[in-house]
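Student: Below is the structure I would like to discuss, written out as structure tokens.
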Amino acid sequence: MPNTTSAPMPPLHILLLDNNAAEAGQIASALQQQGHQVTQLNSGQAALELLRQTPTDLLLMDVVLPDMEGYAAIRQIKLLQENRWAPVIVLTTLDDDENLIKTLEAGADDCLLKPIDFNVLQAKIRSMQRIAQLQHNAQDLALSHATTLDNLVDGVMVLDTQLHIESANPAIFRIFGYAPQQLLGQSAIQLWPEPLRENFLQLSLELIINSEQRAFCHDGQTSGQRCNGEVFPMEIGISIVSLHSGSRMICTIRDITERKRSETALRQQAQIIDQTHDSIIAISQQGLIESWNQGSERLYGYSAESRLGTPLTALFSQHTEQLRYVLQTGLRQTEKIELELTAITAAGQQRDISLSLSARFNSAGEAAGYIGYSLDISELKDAQRKLEYLASHDQLTRIPNRYLFNDR
């Protein structure tokens, strides 16, 4: 059978407010025997002063106080509990419905008639403990979420159905350049440049109207506007959630200014490489061709579509083993290898190629493949062969000269 015994509750710090010293003493003694810490007071003002300085877990009080009305004391005590709920149980001899209603409307969480039945009091305390524990767990979870949000690089803000900013994490103020008091409670429309504000307004209203009782998300790229008027690229994710207090729009903002600059720089570099007359080839660690510029197309005669994803060794079929060994062995970061190879072009022509291979690495310093720089040295090799021929043959008879005969 499952164990249904509940775990023991931790002891509480209890404030006991009662102007009847004898009754208060009995109650305090009984509570202390249960392991609770009890602070005993008989003044409403003294209790308020203590609560301003030291939080308590539970307040037991009478509504008949010597220095102030008990109902007023309850209301002021509840005002002090903005961030931490501590239950208030009223101990009273006033058993009529009117006083019971006034007690609960003032903010009390429960009532117990005098003389006190300690078994009933203990049961009520355990009930309040369970409720308090649930609330403390919720507060811990909320604090954990708030801490996470505060440390996110991305901005997160919560908007009401009128698109006013209810809350925002520090990244929002950093991204847009506003102080918290400049944004909180203000319209989020100001965070978009003028041409996009109407689009954001229409999208937001459409999402809120169509989301009904389910979560809805929208992701996309747009532009934002900082406090100084600068317009910048950003990514936004919008989620619509339905709460008891109404729908809320949760917007996640990512400033992609640096990413866009990097993308622009990479595109420019790619264009420069592609327009370069010389052949530049990017090769993976597995020896497959990953990029093929126009210079490569001119040199080898193959289009980029026909070469991408194919082995580099296919261009140099006479040197497959040599190339494969170089690619499998790998290169150090500053190492470069120069190879003289023979390639067969798409037209079937044989060309002498000088292939320079150097390693390429990603931002983490990990090997990512190779860069191959190809140069057509066919004319140079033809000239070398002619010089070698002329140096070893008679120019008139075309037969080997005397030095070659002597060698033989």
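Student: I'd like to verify a number: residues in the range 127-160 that are under 26 Å from PHE176 (Cβ atoms), hydrophobic (A, V, I, L, M, F, W, C) and in contact (Cβ under 8 Å) with a residue 12 or more places away in the chain, how many?
Tutor: 7
Student: Can you name the strands (runs of 3 or more DSSP E) wholly within the range 254-354 that have at least 3 residues being of a type in the set (Val, Ile, Thr)? It would help to see each step written out before you state the result.
Tutor: Details: elements: 279-283, 289-292, 336-344.
By residue number, 279-283, 336-344.
Student: If you take just the helices (runs of 4 or more DSSP H) that sit entirely in the range 118-208, which of them hold at least 3 residues that are modelled with pLDDT under 90, out of contact with any Ser or Thr (no Cβ under 6 Å at 6 or more places or on another chain) and buried (at least 17 other Cβ atoms within 10 Å of the Cβ)? Don't jump to the end; show me each part of the working.
Tutor: Details: elements: 118-150, 170-176, 180-183.
In the range 118-208, the matching helices (runs of 4 or more DSSP H) lie at 118-150.
The values are calculated or read from the model by the stated rules, or taken from the named source; none is laboratory data. Note that this is a predicted model, so its numbers are computed, not measured. Virtual Cβ from ideal backbone geometry, glycine too; neighbours counted across all protein chains shown.
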